[in-house]
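Following: one structure in C-alpha cells, then a few remarks.
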Amino acid sequence: MNRRSVLRAGAGLLAGGAALALPSTARAAANPTDGWTQTPFDYSWQKPWNLDLSDRHSYSGGVHRMWVYATDEPFEEGSSTDPRTEMRWKVDYTTGAHMWDADVYLPSGTDGASFAQILRSVHPSGTPATDIMLNVYDTGGGTVRRYDGTVLRTGVYDTWFNVKIAHQASSGTGTVKVYFDDSLVLTAADRGPATRYFKNGVYDHGSGRAEARFRNLTYWTR
C-alpha cells in the first residue's frame, strides 16, 4: 500500500469507516525479553589481586564504574591472564535459556578491552574458554566487535546503550544472540557443551587505561 492509499484509508476511518489493518512490517517489533522472567542473581568480584576493589571500582547513582591499567596485576597471583576488574555472575548453567541485560557506557580511549562475555568454566579439553566476548576498540568513535572480528556497532564512545546477550544453551551446540538497544545485531553458535556464566566489567587486552560502566543490570531466564 503506497502513502496516498494509507492517507485515503485514514480519511475513511475519520469518517466512520472500518479500521485499517496495517502490514506486519508496520507493527512494533517484539521486545527481546518478551516471554522471559526476571530472575534474582548474585555476583563476586575479580580485580588485580594486590589491590582493594575500591582502587578499581566505584558505585554511585546506580552506576558501577570499573577500570584497570595494562600494567596491573592479574586477578590471581601467578596467573598469566590479562588484568581485569569484572563481575563474575554466580548463575552457572549448562542448558536452558539465559539472558544478560545492562546499559553500558564505554569512555573514549578504551581500546582492546572485553566488557561482557560468557565464560566456559568447565569445558571439554581443546575447546575454547568462552562462548562470546564483546570487545571495544579505539576506531570509528568506539567500535564494538565480536572478539576481534565482526563489527557490531561503531560510535559507541561516551554514550549509554543497552546490551542484551541471550544464550539458548543445550547438551549439544546452542545459540547466542546479541541485541543493542533491543535490535538484534548478532546470532552465532556457541562453542558446544560446557558449564558457563556471564561476566561484565573491563578485561584489558590492550595498553594504557581501560574503563567500562554499567547500570540496570538484569538477569532473565526462560
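At a glance:
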quantity: Packing-based ranking, highest mean first, of 138-144, 198-204 given that Cβ atoms within 10 Å are counted; calculated: 198-204, 138-144
quantity: Heavy-atom SASA rank of W45, W89 (probe 1.4 Å, accessible area, largest first); calculated: W45, W89
quantity: The chain - convex hull of the alpha-carbon atoms, volume per residue in Å³; calculated: 172 Å³
quantity: Compactness relative to 2.2 N^0.38 Å, alpha carbon Rg of segment 75-173; calculated: 1.17
quantity: Candidate residues S207, S58, S114: accessible-area rank, largest first, probe 1.4 Å; calculated: S207, S58, S114
quantity: DSSP-assigned coil residues among GluC sites (Glu not before Pro) in segment 74-143, each with at most 12 further Cβ atoms within 10 Å; calculated: E76, E77
quantity: Value of [θ]222 nm, deg cm²/dmol, for the chain, DSSP H segments ≥ 4, -39500 (n - 2.57) each, nearest 500; calculated: -1500 deg cm²/dmol
quantity: Between helix 3-14 and the chain: long-axis angle, C-alpha atoms, 0 to 90°, nearest 10; calculated: 70 degrees
quantity: Relative contact order (%) - segment 105-216, alpha-carbon pairs under 8 angstrom, separation at least six; calculated: 33 percent
quantity: Electrostatic dipole magnitude of segment 43-83 [Cβ: Lys, Arg +1; Asp, Glu -1; Cα centre; debye, to 20]; calculated: 260 debye
quantity: Convex hull volume of segment 137-222 per residue (C-alpha atoms, cubic angstrom); calculated: 121 Å³
quantity: Farthest positive-ward along the chain dipole, Cα basis, beta-carbon charges - from L152, N200, N135; calculated: L152
quantity: H205 - accessible surface, heavy atoms, 1.4 Å probe, Å² rounded to 10; calculated: 80 Å²
quantity: Net charge dipole size for the chain [Lys, Arg +1 and Asp, Glu -1 on Cβ; Debye, nearest 20]; calculated: 1160 debye
quantity: Point-charge dipole on Cβ atoms (K/R +1, D/E -1) for segment 119-222, about Cα centre, debye to 20; calculated: 300 debye
quantity: The chain, relative contact order in percent, only Cα pairs under 8 angstrom and at least six apart counted; calculated: 28 percent
quantity: Kirkwood Rh (inverse of mean 1/r, distinct Cα pairs), segment 180-222, angstrom; calculated: 14.3 Å
quantity: Per-selection Kirkwood Rh - segment 52-114 (Cα, Å, 1 d.p.); calculated: 14.3 Å
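The values are calculated or read from the model by the stated rules, or taken from the named source; none is laboratory data. Quantities reported herein were computed from a predicted structural model and do not represent experimental measurements. FYI the Cβ positions are ideal-geometry reconstructions off the backbone, even for glycines, and counts take in every protein chain you see. Each accessible area value is taken on the protein alone, full model and side chains, heavy atoms only, with ligands, DNA and RNA left out. Shrake-Rupley method; radii C 1.70, N 1.55, O 1.52, S 1.80 Å.
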